[in-house]
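Visitor: Okay, handing you the structure first.
The values are calculated or read from the model by the stated rules, or taken from the named source; none is laboratory data. Just so it is clear, the model here is predicted, and its values are computed rather than measured. With ideal geometry, Cβ positions are generated from the backbone for all residues, glycine too; neighbour counts draw on all protein chains shown. When the accessible area is computed, the model is the full protein with side chains, heavy atoms only, and any ligands, DNA or RNA have been set aside. Shrake-Rupley method; radii C 1.70, N 1.55, O 1.52, S 1.80 Å.
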Amino acid sequence: MRVLVTGAEGQLGHDLLDAFSGRVPAAGSVEYAGRFLTTGHEVKGCDLADFSLTDSAATMEFISDFRPEIIVHGAAYTAVDKAESEPEVAMAVNRDGTANVIAAARVVGAKVLAVSTDYVFDGTATTPYLPSDATNPLSVYGVTKLAGEQSCGDESTIVRTSWVAGFHGNNIVKTILRLAMAGTPMTFVDDQFGCPTLSADLAVALVGLAERTPGGIVHATNFGPTTWFALARRVVASAGLDPQLVTPVATADRLPAPPASRPMYSVLDGAALQAVGVGPLPRWEEALDRLVHLLVAESTDVS
Ligand SMILES: NC(=O)c1ccc[n+]([C@@H]2O[C@H](COP(=O)([O-])OP(=O)(O)OC[C@H]3O[C@@H](n4cnc5c(N)ncnc54)[C@H](OP(=O)(O)O)[C@@H]3O)[C@@H](O)[C@H]2O)c1
């Protein structure tokens, strides 16, 4: 397949290029990746340095030139808190940029896998969210990503994920490691529940989905729910450092509160992913251990 990855410089984008080209993702397990990575695909990446997806003509030109059969649309405005103060910028990228990708995909006949988020939900559920459950985003970021979903047509598969971390780019796992290595105490909320996702594992799942293009909405995360507090302790323990550096705090007691509200419960149900033969993804603890061991081994890359 000819595959275009948008957001190729992002943390997921890097792993997508590796997964689609048949290289085992940097932070992925050979055993898990081997389930999907039979042969490599022809893959090309694009990111903001090439052109902005908010430019409909540039998007159309780039996609018409490459003529992909599959577009994995990972590019997004992802600064959740900053989006509260610049909603137009976030909307331009997440809604209009997605609409531009979809329009160009129609012209070349490409199918689209559009990556979306658990932040489309308000977190009032008490059981894992199904793809068909009602959305009600709490943040500007969530509103703009939902608007992006609504730009997608029948040729698209929307892949919602959550709490993504990977080897490339900046993420919370790298921040936790850096602080723990310096012996700095930290607090994390213990009343927000979700599913951590290793970007390399998600990339492998997206290869599987690209080969099936089921349409509709699927949820793809590593397996099992947890809290940010438990995730942080796991990262520290996995690095062989003192987990007592991490203490719990209730969301209501976290001062100052971050600008964007997050759902208190955004566990995504992965049954639809399993139903199409992709998944379940590995448990979150095992995925996180793989990432931490890789980052510790390359600790000069931890920033
Ligand atoms: N990270 C998470 O926890 C999480 C959770 C749920 C869902 N997701 C979704 O998963 C996908 C991948 O996330 P990620 O963490 O890999 O994000 P990321 O690291 O921020 O990567 C996104 C990439 O998109 C690029 N981009 C931004 N605006 C663009 C534009 N106008 N035109 C072209 N490219 C543009 C960014 O470039 P710049 O860096 O230069 O802006 C960046 O390289 C996104 O769709 C995100 O919404 C992420």
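Visitor: May I ask you to say which residue of THR126, THR117 is open to solvent by less than 20 Å² (accessible area, probe 1.4 Å) and of a type outside the set (A, V, I, L, M, F, W, C)?
Guide: Working: THR126 fails: open to solvent by less than 20 Å² (accessible area, probe 1.4 Å).
Of THR126, THR117, the one residue that is open to solvent by less than 20 Å² (accessible area, probe 1.4 Å) and of a type outside the set (A, V, I, L, M, F, W, C) is THR117.
Visitor: How many residues does the range 253-297 hold that are farther than 26 Å from ALA205 by Cα and free of Cβ contacts under 8 Å to residues at least 40 places away in the same chain?
Guide: 4
Visitor: Is it the case that the range 200-216 has a residue that's in a strand (DSSP E or B) and at negative phi? I'd like the intermediate steps shown before the answer.
Guide: So the first thing to find is which residues in the range 200-216 are in a strand (DSSP E or B), and the list is 216.
Next, only the ones that are at negative phi stay: none.
No, because not a single residue in the range 200-216 is in a strand (DSSP E or B) and at negative phi.
Visitor: When both residues are 6+ apart or on different chains and their Cβ atoms are under 7 Å apart, which pairs have a first residue that lies in the range 67-81 and is in a loop (DSSP other than H, G, I, E, B), and a second that is within 13 Å of the ligand (Cβ to nearest atom) and of a type in the set (Asp, Glu)?
Guide: Note: pairs meeting the criteria are ALA75/ASP47.
Visitor: Mind checking whether some residue in the range 180-201 is under 29 Å from ARG290 (Cα atoms), open to solvent by 40 Å² or more (accessible area, probe 1.4 Å) and free of Cβ contacts under 8 Å to residues at least 40 places away in the same chain?
Guide: Step one: of the range 180-201, the residues under 29 Å from ARG290 (Cα atoms) are 180-201.
Now drop any that are not open to solvent by 40 Å² or more (accessible area, probe 1.4 Å), which leaves 181-185, 187, 190-191, 193.
With the extra rule that they be free of Cβ contacts under 8 Å to residues at least 40 places away in the same chain, the set shrinks to 182.
Yes; the residues of the range 180-201 include at least one that is under 29 Å from ARG290 (Cα atoms), open to solvent by 40 Å² or more (accessible area, probe 1.4 Å) and free of Cβ contacts under 8 Å to residues at least 40 places away in the same chain.
Visitor: Would you be able to say whether some residue in the range 79-86 is out of contact with any Ser or Thr (no Cβ under 8 Å at 6 or more places or on another chain), within 24 Å of LEU231 (Cα to Cα), within 14 Å of the ligand (Cβ to nearest atom) and among the aliphatic types (A, V, I, L, M)? Talk me through it step by step, then tell me what you get.
Guide: Within the range 79-86, the subset out of contact with any Ser or Thr (no Cβ under 8 Å at 6 or more places or on another chain) is 79, 81-82, 85-86.
Pick out the ones that are also within 24 Å of LEU231 (Cα to Cα) and you get 79, 81-82.
With the extra rule that they be within 14 Å of the ligand (Cβ to nearest atom), the set shrinks to 79, 81-82.
After this cut, where a residue has to be among the aliphatic types (A, V, I, L, M) as well, the list is 79.
Yes, the range 79-86 contains a residue that is out of contact with any Ser or Thr (no Cβ under 8 Å at 6 or more places or on another chain), within 24 Å of LEU231 (Cα to Cα), within 14 Å of the ligand (Cβ to nearest atom) and among the aliphatic types (A, V, I, L, M).
Visitor: Collect the residues in the range 227-273 that are aromatic (Phe, Trp, Tyr) and touching a Gly at 6+ places or on another chain (Cβ under 9 Å), keeping them in residue-number order. Working first, answer last.
Guide: Step one: of the range 227-273, the residues aromatic (Phe, Trp, Tyr) are 228-229, 265.
Once the filter is applied, which keeps residues that are aromatic (Phe, Trp, Tyr) and touching a Gly at 6+ places or on another chain (Cβ under 9 Å), the range 227-273 yields TRP228, TYR265.
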